[in-house]
Structure formats: C-alpha cells, structure tokens
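Beneath this line is the structure, given in structure tokens, with notes to follow.
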Amino acid sequence: MRRHDDKGSEPDERPTGATTGTPGLAVELRGVRRRYGRGTGAVNALTDVNLALPRGTFTAIMGPSGSGKSTFLQCAAGLDRPTAGSVHLGGTEITGMSENELTELRRSRLGFVFQAFNLLPSLTVEQNVLLPMRLAGARQDRHRAAAMLAQVGLADKARRRPAELSGGQQQRVAVARALVTSPDVIFADEPTGALDTGTAAEILALLRQGVDALGATVVMVTHDPAAAAWADRALFLADGTFAGGVEHGTATQIAARMAALGTPTARAGVSVGAAA
Amino acid sequence: MMRPNGLARAAVRAKPASFAGTFIALAMAALIVAACGILLETGLRASVPPERYASAPVVVAADQNEYVVTGSGEDREEEAVPLPDTARVDVALATKVAAAPGVAAAVPDLTFPVRTEDGSLTAHGWGSHVVTGAELASGDAPSTGEVVLDAAAAHQAEVAVGDTVTLQAATGQHAFRVAGLADAGPTDAGHDGDPASGVAWFADAQAPALAGHAGKADAIAVLAERGSDPDDLAGAVRKAVTGSGAQVQVGDDRGAVEQPGLGYAKAALFGIGGSFGGIAAIVAVLTAAGTVALSASQRAREFALLRAVGATPRQIRRAVASEALLVAPLAGVVGCLPGIGLAHWWFGQLQDRGVIPEAVRMHVTVFPLLAAVVLALLTALGAGFVAGRRPAKIKPGQALREASMERLRPGTIRTVLGVVALVGGAVVTGVSASSSGDAAAGAALGVVMLFMLAVGLLGPLVARLCVGLLGLPMRGAGATASLAAANSRTNSRRLASAITPITLGMAFASTLVFMHTSENHAADEQLRAGITADHVVTHPAGLPVDAATRALATPGVRTAVGVLDTQVLVPIGSGEFKSLQGAATQGVTGSGAELAQVEDLDVREGSLDRLGTGRIAIDKTLASSAKVGVGDRLPLYLPDGTEARPEVVAVYGRGLGLATVTMDRASLAGHVTSPFDSTLLVRGGSERSLAALGEVTDASGYATEQSLDAKAGSWSNRMMAAVLGGFSAVAAMNTLVMTVIDRRRELGALRLVGATRLQVLRMLRWEGLLVAAIGVALGTAIAAATLIPMMRGTIGERPYVPPLLYGAFTAAGVGLALLAVTLPARAALRRWS
C-alpha cells in the first residue's frame, strides 16, 4: 500500500501543465474541496481531501452523517465537480472533462451501486444490466448479461421487472450491472443500507468477489462497521477531510475507531491525507 | 442513435398510466384546434348555391362590402366589411347588359315588403317571373297602378281579379287594381318567408318607386341565349358594365347575392375559427407543454440515474422528447373526434340564432384534423425538448440530491421574462385606461395574455407568496391544515403548475362573461332611463309610413315620433388600426325637440334642436372613438353603402341602450330595404285610441333592435368562455390528479407515521382548497385589471358583476379542485388502509 502525502502542486513531466495521475492508482484525489452555496450560508462539504487508492483494492469510506461521504463519492466518481483540486481515475484526470467525456467514462470504465433506486422501473432485469451498453450504442451482449446475473445468483429472473424483486435482489442486479462493463472502479454508496444482515452479506460477498476474482477496484461509502470489515481498508472522513483509517480491521475495531472519531479531542492534530 | 427511443418506448409501455396526463392535455389541444379549424375552413369555403337566380347563369349586382384599406403599395391590405343592408344597382344598367352578345334578357330583380291592412306581402317586379318561374294563372300581367297577387295574398285580402286592393308601400297608401292571379315561384316568398304570407307583383316601371328606391334594383339577372358559353357571356357582360362599379357574379357567387347574410356568416366564422381559435390554440399548447414538463419533473430521479449510469445530455433530451412524441399521435387523433362534435354543435347553434343562413353547410375536411394532429406532435416535441433541458444539463450528483426536494430558486431567464410580462401587462392596462372604445377592447385581450404569461413564468414565486400569506391563518387551524400549508410552501413548483389552469379559466371566463353582463346592464339601465314616452306602438309587419301623422290626429296625443332601426358603418381609428364599425342607428321622424319629448338621450354637448338633413347626433363613445365633436363632420356609410358626411350637432350619453347614432328618418329613406318604421313613440293619448295602429305597450315594452352583431356577439362571448373554461377545468383536474398520484409514497408514509386516512384526506383537501383559492383570486385579479379600464372606456362605468354568477364560478373552481384531489387520494389510500 502506498501513501501519498503531497498536497497541491507537484513536478510535472508534461509541458502542457496538466497534472498527470500516478499510474497504478485506480483513484487519486489531490486537494479536493467542495463548497455549496455562497456567502455566509455556504457549506464546506469537503475541506481538503487527498487520497490515493491502488488497483485491485476494496476500500470502505466511513464517517458520521454530515461528514461528506456522499459528496466525496460523487466528486470521486465524476458525478459532481469539485470547487478546487483534481481527481484522477485510472491515471486520467477527470476534473477538467466535459460532460460528454465524463459520460463516456461512466459508461465504460465505472460502475455504480446506490443505496436504493438503482434500476429503471420500466426495464426488465436483463435490460437494466445491459443499460450502460445500450446507452453507449454498443451491441447488447446478452450472454454477458446472463453470465453476470448467474454470478449474482439471479439467472432465472432475467425477464422480470424490478418491482417484482425484493430489495436485496434489486441490489444484486445493481451489482451485476456495475460489473458488466468490467470497470476500472466501482463506486458504491451505502449499498447495504436498506438490507438485512443476511442479504447485506451476500451483496458484500459479491463485491469482494469482484475485487478478488475480477481485479476490480471498489470504493464503498458506508456507515456500517460490519460492512466495512469486508474491505481491505477503512478510511474515516470527518468534517470534510480524512482522519485516519484501519487496515484489515474487524467490525469491532472499526466501530471503536468510529466512536473515538466522534469526540473532538480525537480529531485534533490528525494529519491530513490517508493514514493508517 | 436508436437507444434512447427504445428507453422511451419501454417507459411508456411499462407504465402507460403515468403518461395519461400528457395524453389528455395533448388530446384537448387537438380538440380545440380541430373544432376551430373546421369552423374557419367552413367560413373560407362557405357558399350558398343560388336558388332564385338558378336559371340565370350571370347576375349583375353591386358590391355588398365596404373596404378598409391599410398600408400602401406592397403592404396594401383590403379588409371587406359587409354592409348592413343591400347595396343596389341602377335599373338603367339592364339596357346596357341586354345589348351584350349572347344575352337573351337582362331582368332587374327587386324584392321588397308591402303592407296590407294588418299583414305584409313580399313584392317583386313582374319582370322577374321569367327568372323565378312564377306563372300567370288567370288575368293579365300588371301595368302601372295594377297588381298581380298569388293565391295566398288574394285570400288574405279577400279580393279576386278585377277588384281593388289597398296596399301600403314606401310611397304611401295606394289602391291597386288586381290584374291577375299567379302561382309564385319557389323563392318568391322570401328567404325566411312564410309561404302562406303572400306574394305580389307590380309593373316593372312602378316597382322601384314602390320599393322606395326609385331607379334601382337589387340585382340584374341575365338570361342566356341558347348555346352560349357561360364564361363568354360573363366576359361580355363585364365589358358592358365597366365603369359602373357593379360586379358580375357567376356560379355559387350568385348565391352570395341572394343571401346577404352570407357575409356576416363568414365574418362570424372567421372570428371564431381565426381569432378565438388562435388564442385558444396558444392557451392549449402552453397548457399541454406545462403538463409535459410536470410529467418530466416527476421522473427526475430516473433521469438522474440514467445520467449517473452514462447517458449523455443529448440522450436524455431525446428520451424526454421521444416519450411525449410517442403519446402525441394517438392523442391528436383521439382529440379530433370530439373536436368535430364541438364544431358541429357550435355551427348548429349559430344557425339557430340566425348568424349563419340555413343554406350554408359545414365542411369537415382532412385539413383541420391534420393541423390538429400536427400541432399535437409539434407541441409534444417542443415541450419535450424544453422539459428535457434541465435533467439533461445538471450534474448527476446534483440531480440525485435534488430529486427528493424541489430546487428553491427559479431560473434567471424565467424570472426576468416573467417580470417583463408583468410590467408589460401593467403598462398596457394603463394604456387601455386612457384610451376608449375599440382600442380599449383590443388592449384588454393583450392584458389578459400578458398577465397569464407572467403567472405562468413566475408561478412558483407567486405561489410561495400566496401560500405565505394564507399559510399563517392555516397554521392555526389544526394539524392537517398546517401540514397542508407546509407541503404547499416547499413544493411551490408543483403548486404553481396546479394553480395556473385554474387562474387561466377564471381569468378568461370572468373577462368574457362579465364584459357581456356589464354591457347588458349598462344598456338596460340606459334604456329604462331613456324612454320617456307614455306609449310604445309596434307591429309585426312594420308600422305604416304615415303612422306618426295618424297618431298625432288621435285625440290626446301631444307628440308622436316614428323610429326606424338600422345600422350605419363608421370608419374609426387610423393607420394600422383602421376599421369600420357598425353603429346601431335610429332614424326618427319629427324634429329634435319632438324627439326630446319621447326619448331622454342625456345630451352632454350641443343640442338636438338642429337635428335634420345632414345633421346627426351621436353617442359619446362613438365620438371619442372617431375623434369628432359637436360641429365636426363625421364620414359614414349609410346602410346600403352610400357615403355621407353629416355634421354632428349633439353628443349624448345613452347610446348603449338607445342607439349610437340618431339621425332624421328622411335621410335614410331609399337606403334601407324595408320602408316601414319599427316603433312609434307617443306622448299623451290612450292605449285604446292608438290600438288601431298596432300593439301598444308602455315604455318597458320598447326593445332596441339589437343588431345581429350584438345578439350573436353576446352568445359567442359566453360560448368562448365555456370552451376556455371547460378546457381549463379539465387541465386543472388533470394536473391535480397527476400530482396526487405522484405522491402516493408520501401519503403512504404519512399513514405509517400515524395519520388516519381521514386526516390524510383532510390535509389534501386543505391543499386543494389552497390551490383553488389562490387560482380564483389571481384569476379575478387579472379579470379586474382587464375589465375595469375596458368598461370605463366602452360604457363609462365600472363593470357589473352579478354576485350569483361570480359565486358560481368560484364554487366551480373550488369544487373541481376538491374533486380532483380527493378521488385519486382515496384510490391511493385504499391500498394502505
């Protein structure tokens, strides 16, 4: 695991002045800030975020509510534009990209799983899984969809509509869709938030399998220590910036660390940047 | 790229009910366009096949229109205004026409009324029998001083061949010898004529004078020599009449000469199909666009998801547009069918009221229907693209965040445009307040449209303001009411889209209906105050020419004034706004002083003493529209199109109830078809002594001969109000149902939190009440801003609003909103209870 302590400007090989990402890193954030609103009513959701995640890792981003987890995910995934700083995915800087270019990226190199409402209610399960390909105008590979559905254990539900599936089954379809394009990074925003422990474990196992067997990189935002225990590393966000992490922790350790994070004294004097 | 269309198709197929709202809105737009289009096309093609002149291939007649010319050179436009009465041709022209090659005979044709002792007959010159097919049954053709009657007339007068019969014509009462009896042709008894009323024929030399138009005929019917080509004949006749101003008509145009009402009918159909149709179409299109936008905004989460998963903005825009487009063709077709029904019913009503002659048929062709469907498609496409802009443009992260709650600040462009429309409306209100007459009426329409536009654009802001005002008392009215207030405040966009149709319906319906009630009320008041005569004498066949003299001879009668009701055309306005306005006119026998005894016109300037030949008195509204005062000359056209420039000697205030123009009877003689007075106003005398002249009533029995314009106009106003009101009602219900159905989850959550079914329903009813209250209030405000200056300009008073009618409108709005909110809520809650 490599750490990246630099913030702000760094030496640049390219004469154009654009920052380059470090190859081998799936996700890289440098000095990212995100502010909402103007003037006195402004909210600083992310104050100074620096992060480097290597390929083939499963990272859980944790923090109390209001810490900026969802905002972080959206900035990292190109769903939102940060007020300052840069974001690199798979070595490519996405911060300056146009909407169309970002869309291209989302279709082919990223996957998403949200807490709820992942599927279009008017399409069948199979059509939902193939949605990114459909939007790209590429041929819809039904074999691949069938394979993905089989991998998540829903091969027989291909022709059903989402309304006919349970919450857990819908999440599994969402994971299948996220995996179907063999993405560089899968972003999951509270994927198990609405599920019971048993079903949640199934979903997390699928994500784990994606990392181990298919070499995907997963960035999961969660507040559940049990879910975070599935990850290689759990990083803690507090007040818009990272404040430490736990490697290969158990649910109890993670929970304890989270509780400690809740007290003001624990947060004072913490170094900026991802830390073990 | 085919993919987004596939998404749209899937969306529509999976949940067709969610597109029902869009479907209904587009279908209604198609309905209105189809109905108005059919009426417009019928007006364009309206023609009546000739009946009376069927056997004459060519007819020479005067131009029955007067023209308003605006612009010059390239932009020169001529608008035809039908004359109030028939314009006539010189009889001398017949000789010239008869000399043309191919002409077998040129027959001057006249139709005019004559009176018997207590009835009337339709009279013609005997010459026209060759055209109409009347045949002598016994006796001879009439010479001067003689008459030929048909069986019904002879029976009515109880005379036979060789007897003398006394008849009243324009020249007075004369005795005629019955020269023969004839069988009338099918058209001799007149258009709406009762065949049993009788026909008379006079000698050709005498007929024009008896009709009151010496030397003139209604038309010259040309009979062709055997074997002559109709077109060649027409050309030859045209050459013969060049320079006389007469027109040569062939084919169905001959029917237009027979039926003077055709011009009015066409004008009425253009007015409804064109002007009203245009406004209604704009309203329908904007409402449908709003519904499409609402539907798109309700699915914001889905579009946000699509964006997150990788749909480009362009794909989103196409998806939204395609969804609307998929629904549009069927909606357009479905809307056409009731549209045809509406046009049919409306047309029938216009025929029943005499605006359109019975002989005119309604044409339903494919063009208006095609236009309706195409408009539905274009509206769907346009609205879809505009509605798709926001979900396409914003960042997916923002979209996912916003989807649960509405964004607070409306777009800048929208706010700016809304403020501009508001200011524009206020400015035009100021302009219409200082102008008067027709200019004010024209500005009124602009005011309503501008304010409606402002309401549409500034909707959410206005809604939030109103809820803020009304929310305070609501908060104290209990949990359900305060919840309703809170819901409405935060979801002001949704509220605005529900308020807009109600405001629209209220504004248009109120403006149209109360304009009519105000004018009616003012007219009635003026009428009651204006007739100071003791007795009013009328007769269904018209009063004899010497009625006034005979009345004066009756003991006890101090003053007797005969009144002939007709219309003149007055040019008003200048430049681009020039027009010819029809003005109700009364021609009075007797002097101005005598008139003052039986009518109180409320003279404001000048005096009636000088009323006479070439000197008239006019109403103050006409004075300001035409910009003339006492001492000026007013150019006008008498009923048959003759130009005149009389001097204005008085301006009075009761023109709406009595007549806009008062002139002496003698000036109108020869320029109207019927020489018999409509009414006799008498001061003094007794009912019994006057009974010999006709029906005698007191002042309340006086009825102004309302011109066909005014009668049909007031009914049309109500009709248009009904169409726009009905449309708004359906649109309002549509929107409200859509919003309630979309909140199913929210309502379910309320139930889970602990609200009883009744509480949830009550909350929704409060919201519905709020929507109705704000909509009605805004609509009333717009109508008031429009009507007050307009009424001040046209009738000089405040608008008269019957409280019962206004209450009915308000109750309808409230009832509609409550119904539209309660029914879907009950259905939605049934699942949860």
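Against the test of being open to solvent by less than 10 Å² (accessible area, probe 1.4 Å) and hydrophobic (A, V, I, L, M, F, W, C), the options A:Leu165, A:Leu123 yield a single qualifying residue, A:Leu123. Pairs meeting the criteria (first residue in region B:295-315 and facing chain A (nearest Cβ under 9 Å) and outside any helix (DSSP H, G or I), second residue among the hydroxyl-bearing types (Ser, Thr, Tyr) and open to solvent by less than 10 Å² (accessible area, probe 1.4 Å), beta carbons under 9 Å, at least 6 apart or on different chains) are B:Gly310/A:Thr103; B:Ala311/A:Thr103; B:Thr312/A:Thr103.
Among the residues of region A:41-69, how many are basic (Lys, Arg) and in a loop (DSSP other than H, G, I, E, B)? If you could, list the steps in order and put the result at the bottom.
Of the residues in region A:41-69, the ones basic (Lys, Arg) are A:55, A:69.
From what's left, in a loop (DSSP other than H, G, I, E, B): A:55.
Looking only at that region, the number is 1.
Among the residues in region A:38-48, are any within 14 Å of chain B (Cβ to nearest Cβ), touching a residue at least 12 places away in the same chain (Cβ under 8 Å) and either open to solvent by 20 Å² or more (accessible area, probe 1.4 Å) or more than 27 Å from A:Arg208 (Cα to Cα) (or both)? Within region A:38-48, one or more residues are within 14 Å of chain B (Cβ to nearest Cβ), touching a residue at least 12 places away in the same chain (Cβ under 8 Å) and either open to solvent by 20 Å² or more (accessible area, probe 1.4 Å) or more than 27 Å from A:Arg208 (Cα to Cα) (or both). Which of the residues that make up region B:30-87 are over 30 Å from B:Val131 (Cβ atoms) and surrounded by 23 or more Cβ atoms within 10 Å (Cβ to Cβ)? Correct list: B:Ala30, B:Leu31, B:Ile32, B:Val33, B:Ala34, B:Ala35, B:Cys36, B:Gly37, B:Ile38, B:Leu39, B:Leu40.
To keep it simple, each residue is scored yes or no on (1) open to solvent by less than 40 Å² (accessible area, probe 1.4 Å); (2) closer than 30 Å to B:Val760 by Cα; (3) aromatic (Phe, Trp, Tyr).
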{"site": "B:Ala481", "(1), (2), (3)": "yes, yes, no"}
{"site": "B:Asn487", "(1), (2), (3)": "yes, yes, no"}
{"site": "B:Arg493", "(1), (2), (3)": "no, yes, no"}
{"site": "B:Ala498", "(1), (2), (3)": "yes, yes, no"}
{"site": "B:His516", "(1), (2), (3)": "yes, no, no"}
{"site": "B:His535", "(1), (2), (3)": "yes, no, no"}
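Only one entry of B:Ala392, B:Ala376, B:Ala343, B:Ala387 meets the criterion of being assigned to a helix (DSSP H, G or I), within 14 Å of chain A (Cβ to nearest Cβ) and in contact (Cβ under 8 Å) with a residue 40 or more places away in the chain, and that entry is B:Ala392.
Against the criterion of being more than 28 Å from B:Gly424 (Cα to Cα), open to solvent by less than 30 Å² (accessible area, probe 1.4 Å), touching a Gly at 6+ places or on another chain (Cβ under 7 Å) and at pLDDT 90 or above, B:Ala772 does not qualify. Out of the residues in region A:50-74 meeting the condition of being of a type in the set (A, V, I, L, M, F, W, C) and either within 14 Å of chain B (Cβ to nearest Cβ) or open to solvent by 30 Å² or more (accessible area, probe 1.4 Å) (or both), tell me which one is farthest from A:Leu110 (Cα to Cα). Looking at residues that are of a type in the set (A, V, I, L, M, F, W, C) and either within 14 Å of chain B (Cβ to nearest Cβ) or open to solvent by 30 Å² or more (accessible area, probe 1.4 Å) (or both), I get A:Phe72. Give B:Leu638, B:Leu595, B:Leu634, B:Leu622 a once-over and let me know the one that is closer than 26 Å to B:Ala551 by Cα and of a type in the set (A, V, I, L, M). Going through B:Leu638, B:Leu595, B:Leu634, B:Leu622 in turn, just one is closer than 26 Å to B:Ala551 by Cα and of a type in the set (A, V, I, L, M): B:Leu595. Against the conditions (1) closer than 30 Å to B:Gly685 by Cα; (2) at pLDDT below 90, B:Gly587 satisfies every one except (2).
Residues being surrounded by 13 or more Cβ atoms within 10 Å (Cβ to Cβ), more than 13 Å from chain B (Cβ to nearest Cβ) and farther than 21 Å from A:Gln115 by Cβ are entirely absent from region A:168-181. Just one residue in the set A:Gly85, A:Gly91 is more than 14 Å from chain B (Cβ to nearest Cβ), surrounded by fewer than 24 Cβ atoms within 10 Å (Cβ to Cβ) and at pLDDT 85 or above; that residue is A:Gly85.
For region B:614-636, enumerate the residues that are open to solvent by 40 Å² or more (accessible area, probe 1.4 Å) and at pLDDT 90 or above. Steps first, answer last, please.
Quick first cut of region B:614-636, residues open to solvent by 40 Å² or more (accessible area, probe 1.4 Å) only: B:615, B:620, B:624, B:627, B:630-633, B:635.
Result: B:Arg615, B:Val630, B:Gly631, B:Asp632, B:Arg633, B:Pro635.
Return the residues of region B:541-572 that are among the aliphatic types (A, V, I, L, M) and free of Cβ contacts under 8 Å to residues at least 12 places away in the same chain; say none if nothing qualifies. Please lay out each step first, then the result.
Going through region B:541-572, the residues among the aliphatic types (A, V, I, L, M) turn out to be B:541, B:543, B:545, B:547-548, B:551-553, B:557, B:560-561, B:563-564, B:568-570, B:572.
Within region B:541-572, B:Leu552, B:Ala553 meet the criteria.
For region B:643-657, name all the residues that are modelled with pLDDT of 90 or more and not in a strand (DSSP E or B). Answer for region B:643-657, where residues must be modelled with pLDDT of 90 or more and not in a strand (DSSP E or B): B:Arg645, B:Pro646.
From B:Ile741, B:Ile782, grab the single residue that is touching a residue at least 24 places away in the same chain (Cβ under 8 Å), crowded, with 22+ Cβ neighbours inside 10 Å and β-branched (Val, Ile, Thr).
Step by step, each of B:Ile741, B:Ile782 is checked, and only B:Ile782 is touching a residue at least 24 places away in the same chain (Cβ under 8 Å), crowded, with 22+ Cβ neighbours inside 10 Å and β-branched (Val, Ile, Thr).
Taking the criterion of being in contact with a Lys or Arg (Cβ under 9 Å, 6 or more places away or on another chain), surrounded by fewer than 23 Cβ atoms within 10 Å (Cβ to Cβ) and part of a strand (DSSP E or B), the residues of region B:560-602 that qualify are B:Pro571, B:Ile572. Among the residues of region A:101-113, none qualifies, meaning not one is closer than 20 Å to A:Thr241 by Cβ, open to solvent by 40 Å² or more (accessible area, probe 1.4 Å) and at the interface with chain B (Cβ under 10 Å from one of its Cβ atoms).
Only one of B:Ala421, B:Ala440 is away from chain A (no Cβ under 14 Å) and either at pLDDT below 85 or open to solvent by 70 Å² or more (accessible area, probe 1.4 Å) (or both). Can you tell me which? Break it down into steps so the answer makes sense when it comes.
Numbers: B:Ala421 fails: either at pLDDT below 85 or open to solvent by 70 Å² or more (accessible area, probe 1.4 Å) (or both).
Residue meeting the stated conditions: B:Ala440.
Yes or no: region B:816-824 includes at least one residue that is β-branched (Val, Ile, Thr), closer than 30 Å to B:Leu752 by Cβ and either touching a residue at least 40 places away in the same chain (Cβ under 8 Å) or not in a helix (DSSP H, G or I) (or both). Break it down into steps so the answer makes sense when it comes.
First, pick out the residues of region B:816-824 that are β-branched (Val, Ile, Thr): B:821-822.
With closer than 30 Å to B:Leu752 by Cβ added as a condition, the list becomes B:821-822.
Checking the rest, the ones that are also either touching a residue at least 40 places away in the same chain (Cβ under 8 Å) or not in a helix (DSSP H, G or I) (or both) come to B:821-822.
Checked region B:816-824: at least one residue is β-branched (Val, Ile, Thr), closer than 30 Å to B:Leu752 by Cβ and either touching a residue at least 40 places away in the same chain (Cβ under 8 Å) or not in a helix (DSSP H, G or I) (or both).
The residues in region B:60-116 that are part of a strand (DSSP E or B) and either within 16 Å of B:Gly263 (Cβ to Cβ) or without any contact (Cβ under 8 Å) to a residue 24 or more places away in the chain (or both) can be counted, and the count is 12.
The residue of region B:288-330 that is surrounded by the most Cβ atoms within 10 Å (Cβ to Cβ), among those that are in contact with a helix residue (DSSP H, G or I) (Cβ under 6 Å, 6 or more places away or on another chain), under 15 Å from B:Val386 (Cβ atoms) and charged (D, E, K, R), is B:Glu323. The set of residues in region A:119-164 that are touching a Lys or Arg at 6+ places or on another chain (Cβ under 6 Å) and more than 14 Å from chain B (Cβ to nearest Cβ) comprises A:Val152, A:Leu154.
The values are calculated or read from the model by the stated rules, or taken from the named source; none is laboratory data. What you are looking at is a predicted structure, and each value in this text was computed from that prediction instead of being measured. A quick note on method: Cβ atoms are made from the backbone with ideal geometry, for glycine too, and the neighbour counts reach across all protein chains shown. When the accessible area is computed, the model is the full protein with side chains, heavy atoms only, and any ligands, DNA or RNA have been set aside. Shrake-Rupley method; radii C 1.70, N 1.55, O 1.52, S 1.80 Å.
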